[in-house]
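Read the structure below first, then the notes.
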Amino acid sequence: MAGGSSNYWEDLRKQARQLENELDLKLVSFSKLCTSYSSSRDGRRGDSNSDTAPLLNNSTQDRMFETMSGEIEQLLAKLTGVNDKMAEYTSTPGVTSLNAALMHTLQRHRDILQDYTHEFHKTKANFLAIREREDLLGSVRKDIETYKSGSGVNNRRTELFLKEHEHLRNSDRLMDDTISIAMATKENMTSQRGLLKSIQSRVNTLANRFPAINNLVQRLNLRKRRDSLILGGVIGVCTILLLLYAFH
């Protein structure tokens, strides 16, 4: 009985180790599939016509993901069943003396199962998150491309309108600068005219305060006018004499 029980336990351990090895290989391939899926999306986003783009498209990778997920779930279910059988065996009354060693072995297999289950769910959740994000970005990118293709005919016209608008803004800015210069010149001339009026007012004030100076200025003006008349008369007489001499 003990020999049969020992063989039964060893068979369960062999099944557990075999399933664990298969799960380890499947999980490695599953992780590579998720990584290649993300890389292929990045490659397509960078250059959809690149020669280095992955050979597998997204639909093929999605099918492979579903297939591998089902296979891993089946292996996890089988390994769980084997662990349950091992737990039932450790509770058998005939193996009480070996219960401590068997429980240690069973706990190790349970830990391995828990680690594989956690790794599988983590990788699967990351894959689904990446696919959902990329599908959303792809939808947005498609809408943008559709908008660009629909409005591509008007891009040139819009660009010309923008350039014309910029030219008008530059012209308005130049006119504003010219008006500012003219206003500054006008203010400067107004200031100079005010200054000249102030000087003239002061001169008149001085002339009114000092009549002698005013009389002197009037005499000078009269003498200047008289000298001009005398000079004009002399020039006129000389001109007449020259004409008479010329026609004599």
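Please give the net charge around Met183, taking every other residue with its beta carbon less than 14 angstrom from that of Met183, where Lys and Arg add +1 and Asp and Glu add -1.
-2
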>> As a test question: what accessible area, to the nearest 10 Å², does Thr178 have when a 1.4 Å probe is rolled over all protein chains in place?
In response: 80
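Go ahead and run the numbers for FRET between Ser201 and Ile230, Cβ-Cβ distance against an R0 of 35 Å, rounding to 0.05.
0.50
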>> If you take every residue apart from Asp84 with its C-beta less than 13 Å away from the C-beta of Asp84, what net charge results, scoring Lys and Arg +1 and Asp and Glu -1?
In response: +2
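Using 0.36 nm per residue, how much length does the chain from Glu159 to Ala129 gain when fully extended, once their Cα-Cα distance is taken away?
The Glu159-Ala129 span can extend by a further 6.8 nm.
The values are calculated or read from the model by the stated rules, or taken from the named source; none is laboratory data. Here the structure is a predicted model, which is why all the values come from computation and not from measurement. Cβ: placed from backbone, ideal geometry, glycine included. Neighbour counts: every protein chain shown. Only protein heavy atoms, including side chains, enter the accessible area calculation; ligands, DNA and RNA are left aside. Shrake-Rupley method; radii C 1.70, N 1.55, O 1.52, S 1.80 Å.
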